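Take a look at this one; I'll ask things after.
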Amino acid sequence: MVAITPRKPTERKRGSGVQFIYGVLRDEILNLTLAPGSPIDEVQLSERLSMSRTPIREALVRLAGEGLVTTLPNRSTVVSNIDFLNLHTFFDAITLMYRVTTRLAAEYHTDADLVAIRARQSEFAQAVAAQDALGMIGTNREFHAAIAAAGRNPYYEGLFLRLLDEGRRLLRLYYSSFDDQLPMRYVTEHDEIIAAIEASDVETCDRLAKAHADQITTQIRTMIAVDRRKDIAL
């Protein structure tokens, strides 16, 4: 369904070994470099990252707490599968957060917030123009995170960020449905949301945010439902 991006050699950065390993694995899982269901080989990972297995195990415990990896009865670890059976509950939650955070941004934003939101939108537009799927995923997350921050409710912001992060694997599927060539009208949707926030138009923000979430949800559902069977002559 999705072409998995080959991993590049990872350079070790300064700082906590656990935090570094956690960041590397988390990004590779969320970006589908590590596919759902794939095993995580601690020995191989230790050699690749030039780290001992102790911080690797601690990082895996953190990832398990976030539902990104699963420890099997035989103590091996695999990347958690995407829960397609309960996908509707995720779509319900993230659609609500798109609406709530955008409405609040219309009410409580400052000029500085608008500067930050526009900067994130510029980065997103550049990623779209470059057909950089992973760049689109990251910059889209930061765009909506900036809107959530402008809403001045840390509880909604925290929940929305968690949902955005959990949804990155689904967003990778979403972009792949366009062969990573996202139509520019979706960049325009972001611009329309910014204009409504700047105008403090709460109802328009709500309508645009819901429509934005709806088209993503519809596209992902359509892609999942595509019949990819081949008519093989026997």
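In the range 120-175, how many residues are among the polar types (S, T, N, Q) and over 20 Å from residue 215 (Cβ atoms)?
3
In the list 98, 155, which residue meets the criterion of being under 18 Å from residue 217 (Cα atoms) and of a type outside the set (Gly, Ala, Ser)?
98
Still on this structure: Do you know which of the residues in the range 141-193 that are hydroxyl-bearing (Ser, Thr, Tyr) and closer than 21 Å to residue 122 by Cα is most open to solvent (accessible area, probe 1.4 Å)?
Out of the qualifying residues, it is 188.
Residues of the range 66-99 being out of contact with any Ser or Thr (no Cβ under 8 Å at 6 or more places or on another chain), of a type in the set (Ser, Thr, Tyr) and surrounded by fewer than 16 Cβ atoms within 10 Å (Cβ to Cβ), which ones?
76, 89
Looking only at residues in the range 52-65 that are open to solvent by less than 80 Å² (accessible area, probe 1.4 Å) and within 15 Å of residue 28 (Cβ to Cβ), which one is nearest to the chain's Cα centre (by Cα)?
63
Still on this model: So the check is Cβ under 6 Å with 6+ separation or different chains; which pairs have a first residue in the range 126-152 that's touching a residue at least 40 places away in the same chain (Cβ under 8 Å) and a second one that's open to solvent by 60 Å² or more (accessible area, probe 1.4 Å) and of a type in the set (S, T, N, Q)?
If the second residue must be open to solvent by 60 Å² or more (accessible area, probe 1.4 Å) and of a type in the set (S, T, N, Q), the pairs left are 131/181.
Follow-up question, since we're still on this one. Among the listed residues 78, 100, which satisfies the condition of being of a type in the set (A, V, I, L, M, F, W, C), in a helix (DSSP H, G or I) and at pLDDT 90 or above?
Being of a type in the set (A, V, I, L, M, F, W, C), in a helix (DSSP H, G or I) and at pLDDT 90 or above holds for just one of 78, 100, which is 100.
Contact list please: Cβ distance under 9 Å, first residue in the range 19-43 and under 15 Å from residue 67 (Cβ atoms), second residue in a helix (DSSP H, G or I) and acidic (Asp, Glu), pairs at least six apart or on different chains.
So the pair list comes out as 22/58; 26/165; 30/165; 30/166; 34/28.
Can you name the residue in the range 114-134 that is under 19 Å from residue 182 (Cα atoms) and surrounded by 18 or more Cβ atoms within 10 Å (Cβ to Cβ) and is also nearest to the chain's Cα centre (by Cα) among such residues?
This residue is 134.
Looking at (1) buried (at least 17 other Cβ atoms within 10 Å of the Cβ); (2) modelled with pLDDT of 95 or more; (3) in contact with a Phe, Trp or Tyr (Cβ under 9 Å, 6 or more places away or on another chain), find the lone condition where residue 204 falls short.
Every listed condition holds for residue 204 apart from (3).
The values are calculated or read from the model by the stated rules, or taken from the named source; none is laboratory data. Treat the numbers as computed from the prediction; the structure is a model and nothing was measured. FYI the Cβ positions are ideal-geometry reconstructions off the backbone, even for glycines, and counts take in every protein chain you see. These area figures cover heavy atoms from the full protein model, side chains too; ligands, DNA and RNA do not enter into them. Shrake-Rupley method; radii C 1.70, N 1.55, O 1.52, S 1.80 Å.
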